[in-house]
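Heads up: the structure comes next, in structure tokens.
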Amino acid sequence: MNAHSTGRRTRRPGREAGGRTRRGLRGVALLTGAALAAGGLAAAGVGVAVPETASASSHREAPLISGQPQFDTTDLYAFVSPDHPDTTTVVANWLPFQEPAGGPNFYPFAQDARYNLHIDSDGDAQDDLVYRFTFRDHRKNEHTFLYNTGAVESLDDPDLNFTQTYDIELLRLKHEKVVSRHVLGRHLPVAPSNVGKASMPHYQTLRDQSVRELPGGLKAFAGQADDPFFLDLRVFDLLYGGDLSEVGNDTLRGYNVNTLALQVPSSYLRQSAEQPVIGVYTTTERKNAEGKFAQVSRLGMPLVNEVVNPVKDKDRFNASSPEDDGQFLKNVTEPELPKLIEQIYKIKAPEEPRNDLVSVFLTGVEDLNQPPNVAPSEMLRLNTSVKPVAEPKRLGVLDGDNAGFPNGRRLTDDVVDIALQTVQGELVGAANDLGDAVDANDKEFGGDFPYVALPTAGSDARADRATTKSGTTGLTGGLSSVAASWGSDTLMLMSAASGAVGVLLVGLGVSWLRGRRHPARRSWLG
């Protein structure tokens, strides 16, 4: 499927955006929804915006991309950097459910892919900037199956047999045409997969060496990290099998992802100081047999392609561009999830159309993160003028913290609980405390760039993370202690034995269950 677009809109004049209270959020959502229902959304079905390129948070969320993990974007985060508030940090993840001991090939980025971070500076649903990452493999010794041939102490250690480097290119666009290209960095090192304590005894050193400063005050990172998304995925087992007390298990605990992180001065990204709201989304393009690139993955707001779009639209969404999002409007205004919850658990679904969800998912919230004359489209929207807070609240704007989701997305934002409460009518008077009882990541995030936690090592015992709050689940059995007995004399044998475990494909998507204000109860209903 091709995502080339036709036609572009002219830019609109900027307007100041500021903070907003929760009560205001509700009112704004209604007003925005009403305006769109009156005809604005019908105009949203415009062309696609992939720049001069080829023709879709979500772990294996669509049929086609679920078989291409190297190209599968799992989550996107965009936030004002807490230690450098004049900059914006974008974090995007790929290749979900990485079993840490999954050698000997472990988890490289794809060489035949282009990983893109898109910036819409003025709210017209069209790209203004694209930061493009491309990768290259390097092997020192082709006559061994080993990822590393001894303990690795640095990124240039001769015992690190397999390495990757990457380039970053900045594309500037106007009216959907690339008007300039600029190479920001070449041959930058990728942090390797964390094979285990015998192979990489000081992994923090490898992480530190892989963070690079670029001209213009930018910082970049590429490599393996702990999956920062936290949730209970058993929702797909018929909504917890009808037993809503069985929540609170962080299903992604112990799994890794491949992370790209970029820190950029906010003044480079926004239209102006008077119009500081930016739109951010990611795409992945894969080279086909003809040598051309085709878009196979797209991600902006979390959960949209996971549980908002039905199966018939998922692959199409992944190949689409924000300019064409009018075609998915009904999925937002007539969502399936509240109906399922009402059917199974007798929690009344809000009345449709759900115009309250339009501002959250498509336009941003007026007076907070909605650009003037915004073209409705699905992407993260961040007001870069909202300063970070010392103690972020996990429910973000819903709890009065305007520096959090849906104003961008921080690593600590509990988007599952936020989304669930919103979908069940929090903005239209149906106050609720729904959540999945997983309120934070199992690993603490860093205080400086790239902020993501270190990846779980292959030597970490699976049995440890198999201990859950609720007892045995489908993720706890059969995978423990793969590399528990690593020692210097058995390193090579264990590396071979761990091979072929591969990517563990368990569960899908997103969980919708409870616990925000009463996590100790571990019961779904508030």
**Message:** Rg over Rh of the range 325-430, using C-alpha atoms and the Kirkwood radius, what does it come to?
**Reply:** 0.98
**Fill in**
Taking the dipole of the range 77-125 about the Cα centre (Lys, Arg +1; Asp, Glu -1; charges at Cβ), the one of Ala92, Phe79, His118 that reaches farthest to the positive side is Ala92
**Message:** Can you sort Ile344, Ile168 by solvent-accessible area, 1.4 Å probe, largest first?
**Reply:** Ile344, Ile168
**Prompt:** Which links in Lys393/Lys443; Lys312/Lys346; Lys314/Lys339; Lys177/Lys292 stretch past 23 Å when you go from one Cα to the other?
**Reply:** Lys312/Lys346
**Message:** Please report the accessible area of Lys287 (heavy atoms, 1.4 Å probe, ligands and nucleic acids excluded) in Å², nearest 10.
**Reply:** 90 Å²
**Complete:** SASA check, Tyr203, accessible area w/ 1.4 Å probe, all protein chains in place, rounded to nearest 10 Å², comes out at 10 Å²
**Request:** Putting +1 on Lys and Arg Cβ atoms and -1 on Asp and Glu Cβ atoms, find which of Phe317, Tyr345, Ser297 reaches farthest to the positive end of the dipole of the range 228-363.
**Result:** Ser297
**Complete:** Under Stokes-Einstein, the range 198-328 at 25 °C and 0.890 mPa s, with its Kirkwood radius over C-alpha pairs, diffuses with a coefficient in µm²/s of 130 µm²/s
**Asked** Arranged from highest to lowest average of other beta-carbon atoms within 10 Å per residue, in what order do the peptides 398-407, 353-362, 381-390 appear?
**Response** 353-362, 398-407, 381-390
**Prompt:** Looking only at the range 194-227, which residues have a backbone nitrogen under 13 Å from a spot 7 Å from the Cα of His182 in the C-beta direction?
**Reply:** 214-218
**Message:** Just to verify a number: what accessible area does Val332 come out at with the full protein assembly present, 1.4 Å probe, Å² rounded to tens?
**Reply:** 10 Å²
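How large is the Kirkwood hydrodynamic radius of the range 93-211, counting all unique pairs of alpha carbons, in Å?
Numbers: mean 1/r = 0.0617 Å⁻¹.
For the range 93-211, inverting the mean 1/r across all distinct Cα pairs yields 16.2 Å.
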**Prompt:** Largest first, what is the accessible-area ranking of Glu351, Glu323 with a 1.4 Å probe?
**Reply:** Glu351, Glu323
**Asked** Placing +1 at every Lys and Arg Cβ and -1 at every Asp and Glu Cβ, with all other atoms neutral, what dipole size does the range 237-366 have around its Cα centre, in debye to the nearest 20?
**Response** 400 debye
**Request:** With a 1.4 Å probe and every protein chain kept in, tell me what percent of the accessible surface of the range 81-139 is carbon plus sulfur.
**Result:** 44 percent
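The values are calculated or read from the model by the stated rules, or taken from the named source; none is laboratory data. Since the model is a prediction, treat every value here as computed from it, not as a measurement. Note: ideal-geometry Cβ built from the backbone for every residue, glycine included; neighbour counts use all protein chains shown. Calculation scope for accessible area: heavy atoms of the full protein, side chains included, ligands and nucleic acids excluded. Shrake-Rupley method; radii C 1.70, N 1.55, O 1.52, S 1.80 Å.
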